[in-house]
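The values are calculated or read from the model by the stated rules, or taken from the named source; none is laboratory data. Computed from a prediction, not measured in an experiment: that's the story for all the values here. Reconstructed Cβ throughout: ideal geometry from the backbone, glycine too, with neighbour counts over all protein chains shown. SASA here: full protein model, heavy atoms, side chains in, ligands and nucleic acids out. Shrake-Rupley method; radii C 1.70, N 1.55, O 1.52, S 1.80 Å.
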Amino acid sequence: REIRQSIFSRMPLYFIVFLGMSIAGIFLHGYPYGFHLIHIVYNNDILNRVIQAVTRNGISLIYVAALLVVVVYQYAMASFVLLRQSFDQSEGQFCQNLWQCFLASLSYGLRE
């Protein structure tokens, strides 16, 4: 029973998929080789800790993202009322309605 459990555990399945992606990479112009980058994360203790920190505190990250959206929406409302002429339409920053101001503020604000 232990042999059966060890054959069908997570790691042998991972290495079978790893081998399958290697073979598929030969025939599909190398695109499946991107799967092998996961192996770097698996073997690196620091990256494993980063992934654990993100997944354990996932709900906190969602709350932070929601706070970001609320703050950007407040800024978009102020921009819609006071700074509508300051948006440069040639750069794709439209502000004819509040939704456009919000999307422009979110997009431009995160890029700059």
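Annotations
- Taking helices (runs of 4 or more DSSP H) as the structural unit, those lying wholly within region 2-104 and holding at least 3 residues that are hydroxyl-bearing (Ser, Thr, Tyr) correspond to 58-82.
- The residue of region 65-98 that is nearest to residue 111 (Cα to Cα), among those that are surrounded by 14 or more Cβ atoms within 10 Å (Cβ to Cβ) and of a type in the set (S, T, N, Q), is 93.
- Residue check for residue 38: under 28 Å from residue 109 (Cα atoms), under 18 Å from the mean Cα position of the chain (by Cα), open to solvent by 70 Å² or more (accessible area, probe 1.4 Å) and free of Cβ contacts under 8 Å to residues at least 40 places away in the same chain: no
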